[in-house]
1. Residue 173 - would you say it is outside any strand (DSSP E or B) and either modelled with pLDDT of 95 or more or more than 26 Å from residue 245 (Cβ to Cβ) (or both)?
2. State all residues of the range 255-270 that are surrounded by 14 or more Cβ atoms within 10 Å (Cβ to Cβ), touching a residue at least 40 places away in the same chain (Cβ under 8 Å) and more than 21 Å from residue 317 (Cβ to Cβ); if no residue qualifies, say none.
3. Please enumerate the residues belonging to the range 142-159 that are in a strand (DSSP E or B) and either surrounded by fewer than 21 Cβ atoms within 10 Å (Cβ to Cβ) or at pLDDT 75 or above (or both).
4. Among the candidates 74, 86, 101, single out the residue that is in contact with a strand residue (DSSP E or B) (Cβ under 9 Å, 6 or more places away or on another chain), at negative phi and surrounded by fewer than 17 Cβ atoms within 10 Å (Cβ to Cβ).
5. Suppose we filter 206, 251 for residues that are surrounded by 14 or more Cβ atoms within 10 Å (Cβ to Cβ), in contact with a strand residue (DSSP E or B) (Cβ under 9 Å, 6 or more places away or on another chain) and either modelled with pLDDT of 95 or more or within 30 Å of residue 160 (Cβ to Cβ) (or both); which single one remains?
6. Tally time: how many residues in the range 279-306 are closer than 25 Å to residue 48 by Cα and in a strand (DSSP E or B)?
7. Name the residue that is farthest from residue 306 (Cα to Cα), counting only residues in the range 60-91 that are in a strand (DSSP E or B) and modelled with pLDDT of 95 or more.
8. Out of curiosity, is residue 299 under 24 Å from residue 70 (Cβ atoms), crowded, with 20+ Cβ neighbours inside 10 Å, out of contact with any helix residue (DSSP H, G or I) (no Cβ under 9 Å at 6 or more places or on another chain) and modelled with pLDDT under 95?
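The values are calculated or read from the model by the stated rules, or taken from the named source; none is laboratory data. Just so it is clear, the model here is predicted, and its values are computed rather than measured. We place every Cβ from the backbone using ideal geometry, glycine too, and count neighbours over all the protein chains shown.
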């Protein structure tokens, strides 16, 4: 596979529990996993990432010490080449959601895989995808502050003959049942509710009220599935935390750009899809990238797993303590 100029989307996962010796080197090998016969496993210390070139160029497992940040549909065990099926776990995409051309081969088709001598794994989307955007994702395990991270680089390259306007769109699934915490930051929201709720018929309600969404101490908390599952936010704080019932917080950090255009329909920097059921979708969104033919663009995410108590009945998350923990124990690496 030929390397391309890379746009960076770094994902970092902590070693769990404890860390790994800095002298250790990451390993990469082909494995069978959850019905896929050519998955690629990266390991360093207690951290493990399993990548999927056979269907959608994504992450099937992202764990440390046995704690997994992702939700993988059991139905994927029946995957067969060329057959339609669910695409779950550590997904990435590009938008805008309502206007980007369909790109079925990039979303669910077979990607090319390459393992470099440094045990970095590159996945490249099919060249003939009708969407006209070529994607490259690069994965490597990196030690950081006694923990182990997984760096993921996504490149969006305009492979068409026309100028395209696209944006990065994270679309990973995590297990449901947790509390999603979103800092509002120091810039005022355009939305009276501080969030937008997507109603029926593509109506975007910016004055919604829902008993499962609470504003407190400069944060929004999504306590359980709301009346409508798709929510959008225009916060520039650059992170969210999803506190899971296993006393672990899954933290995503990402850069925001207040002086740039965000080209999702409501100008979102972040979206959360929280339906009733087994999973939640956590979706950082990048700014508009206007790409002429052959041009590429970049966006960065950092993912972390940190220990954090799940609130018992009648209790609340200590939001200040959580924010302090995010500041001290996680970082934006690129």
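1. Numbers: outside any strand (DSSP E or B): no; either modelled with pLDDT of 95 or more or more than 26 Å from residue 245 (Cβ to Cβ) (or both): yes.
For residue 173, the condition - outside any strand (DSSP E or B) and either modelled with pLDDT of 95 or more or more than 26 Å from residue 245 (Cβ to Cβ) (or both) - is not met.
2. 255, 262, 263, 264, 265, 266, 267, 268
3. At the first step, the residues of the range 142-159 found to be in a strand (DSSP E or B) are 142-144, 147-158.
Within the range 142-159, 142, 143, 144, 150, 151, 152, 153, 154, 155, 156, 157, 158 qualify.
4. Working: 74 fails: in contact with a strand residue (DSSP E or B) (Cβ under 9 Å, 6 or more places away or on another chain); 86 fails: in contact with a strand residue (DSSP E or B) (Cβ under 9 Å, 6 or more places away or on another chain).
That would be 101, the only listed residue that is in contact with a strand residue (DSSP E or B) (Cβ under 9 Å, 6 or more places away or on another chain), at negative phi and surrounded by fewer than 17 Cβ atoms within 10 Å (Cβ to Cβ).
5. On the way: 251 fails: either modelled with pLDDT of 95 or more or within 30 Å of residue 160 (Cβ to Cβ) (or both).
The match here is 206.
6. The number of residues fulfilling the criteria is 12.
7. We begin by selecting, within the range 60-91, every residue in a strand (DSSP E or B); these are 60-64, 67-68, 90.
Among the residues that remain, those that are also modelled with pLDDT of 95 or more are: 60, 68, 90.
Numbers: 60: 20, 68: 12, 90: 18 Å.
Only one residue fits best here, namely 60.
8. Numbers: under 24 Å from residue 70 (Cβ atoms): yes; crowded, with 20+ Cβ neighbours inside 10 Å: yes; out of contact with any helix residue (DSSP H, G or I) (no Cβ under 9 Å at 6 or more places or on another chain): yes; modelled with pLDDT under 95: yes.
Criteria met by residue 299.
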